[in-house]
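The values are calculated or read from the model by the stated rules, or taken from the named source; none is laboratory data. This one's a predicted model, so the numbers in the text were calculated from it and none came from an experiment. Every residue, glycine as well, gets a Cβ built from its backbone with ideal geometry; the counts of neighbours run over all protein chains shown.
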Amino acid sequence: MDIPYTVRPRPDTGLYNAKVGIWLFLASEVMLFGALFSSYILLRVGAAEGHWPHGWLNVPVGTLNTLVLITSSITTVMAWASCKMNQFGRFKFYHACTILLALTFVGIKSYEYHDKFTHYSIKLADGKIADGHLVEKSKDFDLAKKQGEVVIHGHEVNLAAATGETLKEELKTIYAPHSAEGKKAKHVDLRYKAADIASMQNYGPWHNTYMAIYFTLTGLHALHVIGGAIVIGFLWSFGAKMWKTDPERFTNRIEISGLFWHFVDLVWIFLFPVLYLL
């Protein structure tokens, strides 16, 4: 039994089945990401003045990833156009480029995640706060047992002794270190004994509200990139066998995967300015 409207458009919608399905699916995706973006806005608006992080993310790296994803959208369009022009070899080339660019995006995002998991905020027993990237830990370092020592490359602030304008300036070194209004702090190697550390935490999703929403939004987006890359990879490899038996339906599949990929690209176009620039 043949399934109707796999190639021909439906008379009621003017679209073939798969395109109707992908648009319905993308509508649900818009609601998902729309809810998360709304949550981000509400959390940011409700944050205390001077306590919402700004400048914590690497803008040049984020810009590079944006260019990578935009380029991948171009290559996936070229892959679909190649199928429409009956140029299977060019399709294989452009879709291979899309897969490589997707892997590049995930690789760069992994680098950013690693940077956050090696970035620590250390609260000292005397009330000072040290902030920076982990350089080394002694082999016997154990915060619970108060033994060993740790070295980070960063800066130290003393919020306990700061008041008024001084407090505002010190807060900027933590919450807006690389922004235009942020106070520039000199980064040096800082060594601390475990006995002098009250608490030590990296910049994972548990660090604060900003990092939680950052990892939620970018992590969910990265999963979409990986999922899309898997589908595109299948169509490039095993799924490409359909080209010999039903090229028109295969071309439609390339179009559907491309629509999903454009959505993934569009989400990042919103994520980049919201998280990295604003």
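For the condition under 21 Å from the mean Cα position of the chain (by Cα), surrounded by 12 or more Cβ atoms within 10 Å (Cβ to Cβ), at pLDDT 90 or above and assigned to a loop (DSSP other than H, G, I, E, B), what is the one hit in L57, L26, L43? Spell out the reasoning first.
Working: L26 fails: assigned to a loop (DSSP other than H, G, I, E, B); L43 fails: assigned to a loop (DSSP other than H, G, I, E, B).
Answer to the check: L57.
Looking at region 125-142 only, could you name the residues that are surrounded by 14 or more Cβ atoms within 10 Å (Cβ to Cβ), modelled with pLDDT of 90 or more and not small (G, A, S)?
H133, L134, V135, K137, F141
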